[in-house]
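Please read the structure below before turning to the comments.
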There are 2 protein chains.
Amino acid sequence: MSSTVESSTPSKVDVLVIGAGPAGLTCALGLAKAGVNVRIVDHSPTKVQSGHADGVMPRTIEVLQSHGLADALLKDANQVYTISNYNYEADCAGRVTMINEPTARYPFAATQNQGVMEGILGDALLKEGAVIERPVRPTAIDLSTDENELKDPDAYPIKVRVKKLNEEEAAEELVHAKYVVGADGAHSWVRRALNVPMEGEQTAHVWAAIDFTPTPDSNFPDWRNIATVNAKDVGIMLIPREGGKIRLYVELGSEDGLVNAESGRLDSAQFSPDRLLEIAKKAFAPFVLKTTPENVEWWTVYVIGQRVASTFSVKDRVFIAGDACHTHSPKGGQGMNVSINDAHNLAWKLAYTIRGWAGTSLLDTYEFERRSFALELIAFDKWFAEGFSAKARAKLIAEGNNVDLPGPLEAFRAFSSVTTGIRIRYAPSIITATAPDKTDENGPYTLTVGKRLPPQVVLRVADRRPVNVQDLCLSNGRFKLFVFTGDVLSADDIQSLNKLTTDLDALLSELPKGLLEVFSIIKAKDDAITYMDVPQTLRPHWTSIHFDGHASGPVYDAYGINREGALVVFRPDGYVGTITPLGEVELVRQYFRQFLK
Amino acid sequence: MSSTVESSTPSKVDVLVIGAGPAGLTCALGLAKAGVNVRIVDHSPTKVQSGHADGVMPRTIEVLQSHGLADALLKDANQVYTISNYNYEADCAGRVTMINEPTARYPFAATQNQGVMEGILGDALLKEGAVIERPVRPTAIDLSTDENELKDPDAYPIKVRVKKLNEEEAAEELVHAKYVVGADGAHSWVRRALNVPMEGEQTAHVWAAIDFTPTPDSNFPDWRNIATVNAKDVGIMLIPREGGKIRLYVELGSEDGLVNAESGRLDSAQFSPDRLLEIAKKAFAPFVLKTTPENVEWWTVYVIGQRVASTFSVKDRVFIAGDACHTHSPKGGQGMNVSINDAHNLAWKLAYTIRGWAGTSLLDTYEFERRSFALELIAFDKWFAEGFSAKARAKLIAEGNNVDLPGPLEAFRAFSSVTTGIRIRYAPSIITATAPDKTDENGPYTLTVGKRLPPQVVLRVADRRPVNVQDLCLSNGRFKLFVFTGDVLSADDIQSLNKLTTDLDALLSELPKGLLEVFSIIKAKDDAITYMDVPQTLRPHWTSIHFDGHASGPVYDAYGINREGALVVFRPDGYVGTITPLGEVELVRQYFRQFLK
């Protein structure tokens, strides 16, 4: 029998991340890259091996690309371009495009096992010198109630007791942390330990998910597309996966012996892959998706719950992210995406606070931005879950209602900001300017405060190499200033260019070193220009300066910027912080003063 | 003192590759992927660490992509789009596009240390289970003179004695090989051991190459482009490299103390990086490319020789490839490219012969195709070397001649088939049909017998994923049959489609299993079509069938194929073997009968 041994001295860490799923890993990666002292623990001895989340949406791929990880994800991932819709009642079938976002850099959903995503993020984390500690479980958390301690940026007001699970002499350690991130899933221990309630409801929808490799002699022509099937009163959704695998979501009902008569709870002992395949097969007829038991990789049964945590942080010291703060239907393929983007939003804010560059008001913007998004996600999920439930439709019809629930494409379109992640617009705050937003309604390509930088290809002046502007906005913890110089070399602009340079030099000297990176985009396309023709402030490195002139179209026009130019500040997570006229460096200074110390 | 110990029993191998540079590795990789029993030895204890070849041209990148290796190369390689031309005498400077091939999938030259290329190919080889044996040097080679043995496909008519160089007790081994590939460089031991003469001449052009990292305060605006400088009587060429490095080629003359007075030979002891930089600096003025001695990575001094081996094989049993059979100026950035493409041409032919699928006439096509190319390369190099020699220009001017040597762009354009590798067209032979070649002059995109498959994007029917047709022609040792079905589902075509299917089934059953892969490209773009609407022969796998319908333009038009369709056979190296009308399976059969047993 093992005894509990406590390590002799408590250890200190800036951030303790609890949970090494996609949210926890993304957060730890962002922190480690910013040089923050971070530890990450997970109770499981290994990463996810099969099943769980599998959908990676366009904006999430952009975020991975900003970490240099999109290629690794896309290497073996499946790409979904099409949704097929089979409605047996209406005897109709059709195919529609899945991603309808003209600015999507990756115009598809990637499907890939969550374990692969965890491997990619974990490898990147390892390169930053951080190792996932596992299996390690937190057993107690204590957050100081001393307001002075909570306000002291140098204090470690959180004490977490963690237990190593795989040692003969199970060791406990007391960790003193400045901040804790609970990225520990839908049943979050951190959330419950701090008594953060979930708001919302369990639905009546019960579904099964089953992952398998079909045998090649299927007669279903759409098994490489997302396929939704409304058959009698069983809803089915098929997700094509990497390596020729598929996932099948199957709707279950009371006739399937769902509920344990004694406990009144969902009784997964009633189920097996064979049983689930049998239900699916019946509903799927006349089509067949053959498989054999050894080709079933993973399965689960679940009730859809649609809930959001009442708060995403406690005292700006403990934060929860990912499934820990929102649960919903997995069929929309949102879970892993929202989790990664929660963490992407949080990491740089923690880093700036820990460096002493910003105060706690910056941390408040995490809940402000991500909780509104989670509520949007639930609104989408309600529509989506109803629309896909054959049982809900059957019930409505039986009650004499007119069934006009949205089809899958309508649902995806209506909630495009949620489903693709592309259209999300963070509301005005200390990090998202309120004005000017005149560019907001000028079309999908236009740069808009609060939205992400849409991809465009520019030509690097020094070597005429085409470069996607998104690849200038790397996730390196820095703000980016894009100087749209206008026609920089026209004679009448030289004077204002010199003033701009002087003003920018002053601003850069005031800001913490490394906070702001400068890139320039020249409107002119002129082969006589070299990168040395532009003042050095606008080209700190030979890779900093670009032409607007690639065949793909004029970038200025696409962004709604005229030849008078503009200054655009991007937050470290790639969202537009502010846009000002070219000469107005003072407005940029004011923007930073809102949240920097 | 070590004694020589011979291993007790001679070993046998199908192919022994001597030399693990780009040519040897590419050959070994192609053979290993085809399941051939191959060994590769190299006298050097490690791969190249710095210097040597650094230019990878568009066609070579396509070949790497066909092995799944382009991403690995491009990850950190520099990309060159522009050539800058400075002529101090004429006081002019200008920039021109480097790659002027509309069908280039990669419209740039990649520059990257040869060692990285060797690492990428070596890793791929390792995945196939083959280890580079090093340091191992051949000490004797004996090719049987028994004609019966030479003709016996099961014989091992070559005996090679190889010596392990890094063992205390230096061991020798006697290897019996069916085939030997000498990819052992310009001073090829294999070539000399078999008395294969080089034809051609040493030039009077002496150059130095020096690799270094410049300090950031250079005032030369074109250091990230290829830059040619004709200054007084010193020619200079600058190549931008990976990681901000550059290579400088500097022309040397008699005034530089080149020749050792006693030996009459090039005296590299006269040189040092400092000395070379001093010569370059003087010629480069008023521009400056600062560096410090510790930033000099590699340097060499060489006389340009322009020579081609009189034969590329001895008795169809020993082959030479790469620098072993052609030497020329390195400044055109061709060496590594021609070497890789030699080996790419040879590997599948050896594999087919060893499998017993083809006779030795297939092997004869290696010299037939690649020696003509090497002669073209020398013709280019003569023009190129003269054009870049400031000393040659000065001499011509002193002699009262009119200097109208080509500029670099003219040279690159005139020899585009050599420089980019894109326009190479193999002449008619048993593997390259003579007819029909009516499509030859229809423009750069048109499919042409003897040329490589130009890239085009099609939509995969099963999931509507955009796919580059080049990625269907993987380097897996197989011929590919592209069935351009025309408008396959129109009523009047069904009957001919059924006949085509029957004929193709018959052909496939006659050919060795695995020799021919079938892909279909449908002309119609019709959302109602599924991949199951087409006979299974035309879609052996769900990834085999595609639409012509991507936004990038109609593929049929680009290839010069009308709605009546066509059959196109691609050789395992990606070159068009034959094109026939859609119904003429018999012509395809005849094509294969020319070289298959």
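Computed quantities for the displayed model
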{"read-out": "Residue match in the stretch B:4-17 (condition: modelled with pLDDT of 90 or more, buried (at least 24 other Cβ atoms within 10 Å of the Cβ), polar (S, T, N, Q) and in the same structural domain as residue B:177 (by TED's automatic domain parsing))", "value": "no"}
{"read-out": "Residues located in the stretch A:76-118, provided they are touching a strand residue (DSSP E or B) at 6+ places or on another chain (Cβ under 6 Å) and more than 10 Å from chain B (Cβ to nearest Cβ)", "value": "A:77, A:83, A:85, A:86, A:87, A:88, A:109, A:110, A:111"}
{"read-out": "Any hit, the stretch A:41-49, residues being open to solvent by less than 10 Å² (accessible area, probe 1.4 Å), closer than 30 Å to residue A:424 by Cα and either at pLDDT 95 or above or in contact with a strand residue (DSSP E or B) (Cβ under 8 Å, 6 or more places away or on another chain) (or both)", "value": "no"}
{"read-out": "Residue in the stretch B:308-315 that is out of contact with any helix residue (DSSP H, G or I) (no Cβ under 7 Å at 6 or more places or on another chain), under 30 Å from residue B:150 (Cβ atoms) and among the β-branched types (Val, Ile, Thr) present", "value": "yes"}
{"read-out": "Subset of the stretch B:464-481 [touching a Pro at 6+ places or on another chain (Cβ under 9 Å) and away from chain A (no Cβ under 14 Å)]", "value": "B:469, B:470, B:473, B:475, B:476, B:477, B:478, B:479, B:480"}
{"read-out": "Subset of the stretch A:222-243 (residues that are modelled with pLDDT of 90 or more and at positive phi)", "value": "A:243"}
{"read-out": "Matching entry among B:211, B:222 (being farther than 22 Å from residue B:26 by Cβ and within 14 Å of chain A (Cβ to nearest Cβ))", "value": "B:222"}
{"read-out": "Residue in the stretch B:27-36 that is within 14 Å of chain A (Cβ to nearest Cβ) and modelled with pLDDT of 95 or more present", "value": "no"}
{"read-out": "Selected residue (only one of A:77, A:93, A:72 is modelled with pLDDT of 95 or more, open to solvent by 30 Å² or more (accessible area, probe 1.4 Å) and not assigned by TED's automatic domain parsing to the domain that holds residue A:284)", "value": "A:72"}
{"read-out": "Looking only at the stretch A:502-542, and only at residues there that are open to solvent by 40 Å² or more (accessible area, probe 1.4 Å), touching a residue at least 12 places away in the same chain (Cβ under 8 Å) and under 21 Å from residue B:220 (Cα atoms), the one that is nearest to the other protein chains (Cβ to nearest Cβ)", "value": "A:533"}
{"read-out": "Residue list for the stretch A:164-192, filter: closer than 25 Å to residue A:114 by Cβ and crowded, with 19+ Cβ neighbours inside 10 Å", "value": "A:180, A:181, A:182, A:183, A:184, A:185, A:188, A:190, A:191"}
{"read-out": "Number of positions in the stretch A:545-595 that are open to solvent by less than 60 Å² (accessible area, probe 1.4 Å), within 21 Å of residue A:352 (Cβ to Cβ) and not aliphatic (A, V, I, L, M)", "value": "12"}
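The values are calculated or read from the model by the stated rules, or taken from the named source; none is laboratory data. Being a predicted model, the structure only gives us computed values, none of them experimental. Don't worry about glycine lacking a Cβ; one is built from the backbone with ideal geometry, like all the others, and counts go over all protein chains shown. The area values use the complete protein model at the heavy-atom level, side chains included, leaving out ligands, DNA and RNA. Shrake-Rupley method; radii C 1.70, N 1.55, O 1.52, S 1.80 Å.
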